[in-house]
1. Is there any pair linking a residue in the stretch B:9-33 that is assigned by TED's automatic domain parsing to the domain that holds B:His193 to one that is modelled with pLDDT of 85 or more and assigned to a loop (DSSP other than H, G, I, E, B), with Cβ under 7 Å and at least six apart or on different chains, and which?
2. Within the stretch B:246-263, which residues are surrounded by 16 or more Cβ atoms within 10 Å (Cβ to Cβ) and in contact with an Asp or Glu (Cβ under 6 Å, 6 or more places away or on another chain)?
3. Whether any residue in the stretch B:216-233 is small (Gly, Ala, Ser), surrounded by fewer than 23 Cβ atoms within 10 Å (Cβ to Cβ) and in contact (Cβ under 8 Å) with a residue 40 or more places away in the chain is what I want to check.
4. Would you tally the residues in the stretch B:234-248 being more than 7 Å from chain A (Cβ to nearest Cβ) and out of contact with any Gly (no Cβ under 7 Å at 6 or more places or on another chain)?
5. Surrounded by 16 or more Cβ atoms within 10 Å (Cβ to Cβ), within 14 Å of chain A (Cβ to nearest Cβ), within 22 Å of the chain's Cα centre (by Cα) and assigned to a helix (DSSP H, G or I) - does that describe any residue in the stretch B:264-275?
6. Would you say B:Gly167 is surrounded by fewer than 20 Cβ atoms within 10 Å (Cβ to Cβ), at negative phi and of a type in the set (Gly, Ala, Ser)?
7. Within the bounds of the stretch B:155-166, is there any residue that is within 9 Å of another protein chain (Cβ to nearest Cβ) and within 24 Å of A:Ala8 (Cα to Cα)?
8. Looking at the structure I just gave you, is A:Gly49 within 30 Å of B:Leu248 (Cβ to Cβ) and either outside any loop (DSSP other than H, G, I, E, B) or more than 9 Å from chain B (Cβ to nearest Cβ) (or both)?
Amino acid sequence: MPSLLAAALLWGAVAAALAGQVMILRSSRRVIGRTPGARRPIEWLFAIGPAVVLVVVLILTWHAATRPPVLRMDVLPVAGELRS
Amino acid sequence: MSAPGHGSLAAAGAAKPSRTLAQDLVSLTKPRIISLLLLTTIAPMYVAGDPGLGTVLLVALGGYLMAGGANAVNMYLDRDIDHVMARTRLRPIPSGRMQARFVIAFGVLLATAATWLLAALVNVLTAALALAGFYFYVFVYTRWLKRTSPQNIVIGGAAGAFPPLVGWAAVTGRLDLTALYLFLIIFYWTPPHFWALALNKQVDYGNAHVPMAPLVWGERETKDQMWWYTVLLVALTVLPVTFGAFGLVYLVSALVLGGVLLAGVWRVRVAADFAKPAWWVYGYSLLYLALLFVAMVVDAQL
């Protein structure tokens, strides 16, 4: 895949994922505000936990996608060099 | 709350003679649900490597036993509410065809057999992941979250996301970023899928006092979250392509399948009468997940 297209795919998908997660958190803030007080911390944990995991995975993805390819250099000597 | 399920097997046979014991035992494992779980277990095996047929059959058998055991224990734990809901009142315990104690023993036996099978004949990591999925479904989802939190489906959805990890570990003996993505895809697929059902089954869930999102948050917030979960899901399905886990065939499949799902969920979000579109999303999302995993295998084998 051309690098420009790959970069567009990466950042477009990351932006969509983050936008989705932010909108879920905004909606969670509205609905958790209406739940009884004692349950609020645990409901917040359920909302924030997946968001934290998502951010970690996106960082790992960015590292994996932008990692330079590993070049393998075969260093077997050619026959002429062996003879000399 | 009442506790049905103390009738004898003999009495049950008289009540509904057309069902045999064997049919009831199979129904305790919820085979229709397990078929999708097995697909999401086996497909990742062919993405991760080149598994032998023996390994695939062992993992399929172990996966069926573990998921079947979890489903049987779930029916035991939910025996007090299953008779309230129309879609569950014909299950073996609420209909009086089986004793509750028999059902839990059957479930634990299946899970124990699955753990031994996977640990002894595949590898310990595979067995540990399958058992973790069992415990998560039984204790975290069924026992704790299902009746206490409207986010029961969100967090409990992790239980259904274990199968790809099981399949991946069976072939590679470890987990990596691609396996984590397969887990997340099912995790984020679960809320829109089950909330589509919950929107149409609010009376049932209300009667059983299960705090599903549409009942607690309201329909508008639920439909909003369905939409954003689907946006997030489709974005996640694309990302493995960016680090080389999948190629063009998978990318095109993910975008087309995801586009159709997004269109369906959007119809649920904007429709005043959401019943039909919600049923459509419930059905299509099953097909979506199955075809997405098939596309992964096709792409990996090309």
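The values are calculated or read from the model by the stated rules, or taken from the named source; none is laboratory data. What you see is a predicted model; the values in this text were computed from it and never measured. All Cβ positions, even for glycine, are placed from backbone atoms using ideal geometry, and neighbour counts span all protein chains on display.
1. none
2. B:Phe246, B:Tyr250
3. Of all residues in the stretch B:216-233, those small (Gly, Ala, Ser) come to B:218.
Imposing the further condition that a residue be surrounded by fewer than 23 Cβ atoms within 10 Å (Cβ to Cβ) reduces the set to B:218.
Okay, now just the ones that are also in contact (Cβ under 8 Å) with a residue 40 or more places away in the chain, so none.
No: zero hits.
4. The initial filter retains those residues of the stretch B:234-248 that are more than 7 Å from chain A (Cβ to nearest Cβ), namely B:234, B:237, B:240, B:244-248.
Those still in the list that are out of contact with any Gly (no Cβ under 7 Å at 6 or more places or on another chain) too: B:240, B:244-248.
Total satisfying the criteria: 6.
5. Yes, the stretch B:264-275 contains at least one residue that is surrounded by 16 or more Cβ atoms within 10 Å (Cβ to Cβ), within 14 Å of chain A (Cβ to nearest Cβ), within 22 Å of the chain's Cα centre (by Cα) and assigned to a helix (DSSP H, G or I).
6. Numbers: surrounded by fewer than 20 Cβ atoms within 10 Å (Cβ to Cβ): no; at negative phi: yes; of a type in the set (Gly, Ala, Ser): yes.
Answer is no for this residue.
7. Within the stretch B:155-166, none of the residues are within 9 Å of another protein chain (Cβ to nearest Cβ) and within 24 Å of A:Ala8 (Cα to Cα).
8. Working: within 30 Å of B:Leu248 (Cβ to Cβ): no; either outside any loop (DSSP other than H, G, I, E, B) or more than 9 Å from chain B (Cβ to nearest Cβ) (or both): yes.
The answer is no for A:Gly49.
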